[in-house]
């Protein structure tokens, strides 16, 4: 099955896979199948769990129909030229029993015979990937005009944002995509396809209403609260909490990464969220202003300076160029630091896009 | 009886061969269709290098609706104009092959520096190149990016000159002008031919500043408007206000000497041109 992204240049993988039985067992329990790609993230457990916990396929969506969510994941991955996620989503659809011809038809019909609601959702996904929150207001209006309710729109924003996160998390370290691209053409997966289908079907689930156990107190708590009642709130809340608490990068450095990405995406609501948290970390207003204007300030340490510059590279990118820039960080950071940078920049790109849509217009 | 059996077997064999051929033909056609779809996708991606993806799609749509005129929008962007000093004289005295070798190397140095700093080469005007920063996607760091690109060009041309000198070829010198301001960005041109461009005062002033580098005896000049947006770490030398064609008031400019503490993440060398051969998980 030829993937439309096979021509996209993709560097060799930046990090070595590190087996972790507990995390791999966790992923297998949730998805039903071995997820070998999380071995690349195991030195930073919150990231390894996040790529599983936030996936829109497994028990998070209550209102948006799963087919639209699947299509959104496919299209946003294609927009972002993420060979890994695009191949993974195609393999997932194939594993669920969809024929190659059907998948190709789905892709080809994207610009033609789609239902107006699906077309509006896809247009939103594309806009978020290409223009970012600057176009969130118009895209939101278009979704409402197409008949989507408030809860469905929030789930669309979540699906697109999580795909933006997953795309970057797999693109920046250049996780090998070839095995997934080849899978539908190989004898063994073809033979086992009916079994794979049954396993996937058993583990695929719709979300169940879940109260937010406790009010979060970390940055972006407002965003989590907007999803109160949905399983998205607890999954996202847990990921954010673990990310802020993770020791490999300082909290200030993570906030600066979020601030730079919010600035690059011109997301005003995110800027306010981050500014308050950075002030609490002791970074004064003039220093933050200088960092956001010039990506530098004398008050920053060497790692901060390096990473605020890297953060802006993750907003709009060509995969191979971004992968080469990430490789440039390898000599200056430890492996867990490097993987945490990948996780934080990826998550920030998703959260800032989601924040503008869900917390208010930029 | 035997004859009937033999005839049936022959007919069955002929039918099987025909069916097999038909199946093979269908498979080939399917393969060709897939290859064509991949080519189209590849073409669209390649076009995205010439213009933003959204613009490419509207261009495709306009292709079947020839009544639709060019589309453009107002944007705040930075224009960088670079030109070869003394190119006309050089072109008169050098053999075409040597001239081509020299100018292509210069184009490469400039384009690489623009790409590396998130810019977009707009057009080649003879030996001049116009590049834009922030004209395609929003870029709040466009002024710093443009000046860093200019410094990278200076360094790259220095290395290129060393290479030319080793080969016994004449060396080159460049002049660069940079300005930032509002302009019109989009697909501009006639129905028959359009290109993605940014037009307006910043492009005109950048071109004038580039010419002014000869007057001030330097290689990089930026405008006052651009200076106010620049990282204070850039080392600038003010030049006296000078009258330039097309502008009512004399123009204040600054020479860019360098940066006091330049930190950047260099791209590591390519590990593979294409990754179909990437390692297995």
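For the reader, a short list of remarks on this structure follows.
- In the stretch A:251-361, counting only helices (runs of 4 or more DSSP H) that sit wholly within it, the ones holding 3 or more residues that are without any contact (Cβ under 8 Å) to a residue 12 or more places away in the chain and surrounded by fewer than 23 Cβ atoms within 10 Å (Cβ to Cβ) span A:268-280, A:285-294.
- Some residue of the stretch A:116-129 being in a loop (DSSP other than H, G, I, E, B), closer than 14 Å to residue A:353 by Cβ and within 14 Å of chain B (Cβ to nearest Cβ): no
- Residues of the stretch B:228-248 that turn out to be in contact with a strand residue (DSSP E or B) (Cβ under 8 Å, 6 or more places away or on another chain), more than 14 Å from every other protein chain (Cβ to nearest Cβ) and part of a loop (DSSP other than H, G, I, E, B), as a count: 2
- Residue A:214 being in contact with a strand residue (DSSP E or B) (Cβ under 8 Å, 6 or more places away or on another chain), at pLDDT below 85 and on the phi < 0 side of the Ramachandran plot: no
- Residue list for the stretch B:134-180, filter: outside any helix (DSSP H, G or I) and out of contact with any strand residue (DSSP E or B) (no Cβ under 7 Å at 6 or more places or on another chain): B:137, B:138, B:140, B:141, B:167, B:168, B:169, B:170, B:171, B:173
- When residues of the stretch A:79-107 are limited to those that are modelled with pLDDT under 75 and farther than 19 Å from residue A:8 by Cβ, the one farthest from the chain's Cα centre (by Cα): A:105
- Among the numbered conditions (1) buried (at least 19 other Cβ atoms within 10 Å of the Cβ); (2) touching a strand residue (DSSP E or B) at 6+ places or on another chain (Cβ under 9 Å), the only one that residue B:184 does not meet is (1).
- Given (1) within 24 Å of residue A:357 (Cα to Cα); (2) touching a helix residue (DSSP H, G or I) at 6+ places or on another chain (Cβ under 7 Å), index of the condition residue A:206 fails: (2)
- Count of residues meeting criterion [buried (at least 17 other Cβ atoms within 10 Å of the Cβ) and at pLDDT 90 or above] in the stretch B:240-281: 5
- Every listed requirement among (1) closer than 20 Å to residue B:84 by Cα; (2) loosely packed, with under 14 Cβ neighbours inside 10 Å is met by residue B:177 save one, (2).
- Count of the stretch B:67-116 residues, restricted to those that are under 16 Å from the mean Cα position of the chain (by Cα) and within 13 Å of residue B:176 (Cβ to Cβ), is 11.
- Qualifying position, being surrounded by 20 or more Cβ atoms within 10 Å (Cβ to Cβ), within 14 Å of chain B (Cβ to nearest Cβ), part of a loop (DSSP other than H, G, I, E, B) and more than 17 Å from the chain's Cα centre (by Cα), among A:176, A:219: A:176
- For the stretch A:1-59, residues that are away from every other protein chain (no Cβ under 14 Å) and more than 17 Å from the chain's Cα centre (by Cα) total 12.
- Scanning the stretch A:72-105 for residues that are without any contact (Cβ under 8 Å) to a residue 60 or more places away in the chain and closer than 16 Å to residue A:5 by Cα returns A:74, A:75, A:79, A:89, A:104.
The values are calculated or read from the model by the stated rules, or taken from the named source; none is laboratory data. Keep in mind the model is a prediction, meaning the values are calculated, not measured. In this analysis, Cβ positions are derived from the backbone assuming ideal geometry, glycine residues included, and neighbour counts consider all displayed protein chains.
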